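Have a look at the structure below, then the notes.
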Amino acid sequence: MDYSLDQIIAGRLTKLKILREKGIEAYPSGSNRTMTLAEFLDKFNTIKRAKKSVTLAGRLMAFREFGGLSFGVLKDGSSQSQILFKKDNLGERAYVDLKLLDIGDIVQVKGLAMLTKKGEKTLQVSKLTLLAKSLRPLPEKWHGLTDQETRFRQRYLDLLFNPEVKERFITRHKLVQAIRQFLVEREFIEVDTPALQPMPGGALATPFKTHYNALNSDVYLRIAPELYLKRLIVGGFERVFEFARVFRNEGVSTQHLQDFTMLEFYQAYATYEDLMEMTEQMFGFVLKQVFGTLKIKYGDKTLDFKAPWPRKTFRDLIKQYAGIDVDKFATVEELQAEIKRKKIKLTYSGKVGRGKLIDELYKETARPKLINPIFLIDHPLDLSPLAKIKLGDSDKVERFQLVVAGMEIVNAFSELNDPIDQKERFKAQSKLKKEGDAEAHSMDEDFVKTLEYGMPPTAGWGMGIDRLTAVLTDTDSIREAVLFPFIKNK
């Protein structure tokens, strides 16, 4: 007989009532677990020989009765194991109370290790304690569920039933720890900077705006920690980094999130060329530590991170993949006309500068074809308002992006430390913003004032942790690399 969800929940509530009438606490405050299930299975033979009771805890994932015997499957955060209830061991009253258990309940079991006739490692239970009564049934058909929105809304079930999802986030944790280790070993200091800022800065992006009631001020969720980290360089810290939650009010795609984690670090007395070499070293260290190899499977391709990686300019790549030499078109109008003549469709909206147009052309024609790691260099000046001008070429800056699998993974540059030049670039960005470019940088007088005190030659580096995780765990959407991506309310 099939029961509705409401009927199942009502039945479980009735069991909860009976438990409480019997004086059994359904939600006690603690547990006496002596080991995890993984430890139990790993040390099973030693535990069995010692004939010593152990206490395990976890979620009951299966339960079946055979006369005076009942078998269950217990699962915790480390593994799962079979458990056995015998009336003789448990006691008749406690054995009868097993009918008040449901799949999904979290329980504690104490007993001895035993092997079944089929050779399965099992805990023979002598004492059962309920730790949390499950009032909703676990779904029968969840593993392999392809409806992403449902999986994201109930990520806890996704983690319970899809081990590969949980493993992805364990890998993410290992990546972050390995990166942190790499930086700390090089004498970088981890810091925290404000998420609420009086004006957005540090990147070209549309911010989220909110209101600070206590100060009666409009503020912005940060789009990057950059300007505050550079203030620390001015203040005397020579190497700083931050894993920062950042917010950008942009469109949804498989490669973009509005709310994501960015790693940024800044090193005084370094250039963008120093950081290219350091990036190769970091990826070599991190990939070997987490995966044991520099070759990572991504879809039907294998990404080879063996250094050195090639360095290609915007001009080279656009010429190769679009057949346009951008250096031959000095104005936006001339370049737009050539793009139209080549019948290349770009998806940007609103008015853009020449640098932004070149970037859009590169993203449309070249970037999707870049699979193995490559450094993109020679960015247009008006695309990089915080980077140093390249020596000998005033139209370009000392900047690089690491591109892998058609995606930007790292963005870095030699930081602009000339306060006069910085102020002029902010003015140019403000003009673009007034003309309709929502992503243009705002004028930041306070940051200019900071630079006027003097900032040493510095190189800065940024990388999205979510996108890195998606690529290295062979995931086709960045939302799969975030535990709880934002989902619109139903």
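A short reminder: the numbers here are calculations on the coordinates, not readings from a lab. From a predicted model like this one, the values you see are computed outputs, not experimental measurements. Don't worry about glycine lacking a Cβ; one is built from the backbone with ideal geometry, like all the others, and counts go over all protein chains shown.
For the reader, a short list of remarks on this structure follows.
- Degrees, to the nearest 10: 354-365 long Cα axis against longest axis of the chain: 50 degrees
- Amide H contacts for residue 189 (H built 1.01 Å from N in the peptide plane; partners 5 or more residues away or on another chain; cut-off under 5 Å): 239, 240, 241.
- Likely footprinting exposure, 97, 88, fewest C-beta neighbours within 10 Å first: 88, 97
- Region 348-490: Cα Rg divided by the 2.2 N^0.38 Å rule of thumb: 1.19
- Theoretical gain in end-to-end length, residue 132 to residue 32 [0.36 nm per residue, Cα-Cα removed]: 34.6 nm
- Relative to the Cα centre, the charge distribution of region 277-372, modelled as +1 at Lys and Arg Cβ and -1 at Asp and Glu Cβ, gives a dipole magnitude of about 280 debye.
- Amide H within-cut-off set for residue 132, under 5 Å, with H built and near neighbours excluded: 106
- Charge dipole (debye, nearest 20) of region 5-132; +1 at Cβ of Lys and Arg, -1 at Cβ of Asp and Glu: 440 debye
- Cβ-Cβ distance of residue 484 and residue 184, R₀ of 22 Å, FRET efficiency by 1/(1 + (r/R0)^6): the value works out to about 0.20.
- Cα pair distances of the chain binned at 10 Å [whole percent]: 3, 16, 22, 20, 14, 11, 9, 4, 1
- Fully extending the segment from residue 435 to residue 4 would add 149.3 nm, taking 0.36 nm per residue of separation and subtracting the current Cα-Cα distance.
- Backbone phi angles across region 244-258, fed through the Karplus curve with coefficients 6.51, -1.76 and 1.60 (θ = phi - 60°), yield HN-Hα couplings of 10, 7, 10, 9, 9, 7, 10, x, 8, 8, 6, 10, 10, 10, 7 Hz in residue order; Gly and Pro are listed as x.
- The H on the amide N of residue 195, modeled in the peptide plane, is under 5 Å from the matching H of no residue at least 5 residues off or on a different chain.
- Alpha-carbon Rg with Dmax, taken over region 5-132, Å: 14.6, 47
- Shape of region 128-177, Cα gyration tensor, a/c cut at 1.5: oblate
- Acute angle (nearest 10 degrees) that the helix 332-341 long axis makes with the longest principal axis of the chain, alpha-carbon atoms: 70 degrees
- Taking N as its residue count, the alpha carbon Rg of region 224-307 over 2.2 N^0.38 Å: 1.36
- CD proxy at 222 nm, helix term only [per DSSP H run n ≥ 4: -39500 (n - 2.57); per residue of the chain; nearest 500]: -10000 deg cm²/dmol
- Neighbour-count ranking [beta-carbon atoms within 10 angstrom, fewest first] of 73, 326: 73, 326
- Scalar couplings 3J(HN,Hα) for region 315-325, obtained by applying the Karplus form with A = 6.51, B = -1.76, C = 1.60 to θ = phi - 60°, are 4, 4, 5, 5, 5, 5, 9, 10, x, 10, 8 Hz; x denotes Gly and Pro.
- Top positive-direction residue, dipole computed over the chain with Cβ charges, set 249, 156, 269: 156
- As a rough guide to protection, the peptides 251-260, 193-202 ranked by mean Cβ packing within 10 Å, highest first, stand as 193-202, 251-260.
- Going by neighbour counts of Cβ atoms within 10 Å, the residues 239, 245 line up, fewest first, as 245, 239.
- With the simple spin-label model, which puts each label point 7 Å out from Cα in the Cβ direction, the residue 52 to residue 154 separation comes to 4.1 nm.
- Length gained on full extension, residue 191 to residue 330: 45.8 nm, using 0.36 nm per residue less the C-alpha separation.
- Here the Karplus curve 6.51 cos²θ - 1.76 cosθ + 1.60, taken at θ = phi - 60°, turns the phi angles of region 382-394 into couplings of 6, 8, 9, x, 10, 9, 6, 5, 6, 4, x, 8, 6 Hz, with x standing for Gly and Pro.
- Given R0 = 45 Å, the distance between the Cβ atoms of residue 140 and residue 21 translates into a calculated FRET efficiency of 0.90.
- In this Cβ point-charge picture (+1 for Lys and Arg, -1 for Asp and Glu), the chain has a dipole of about 2480 debye about its Cα centre.
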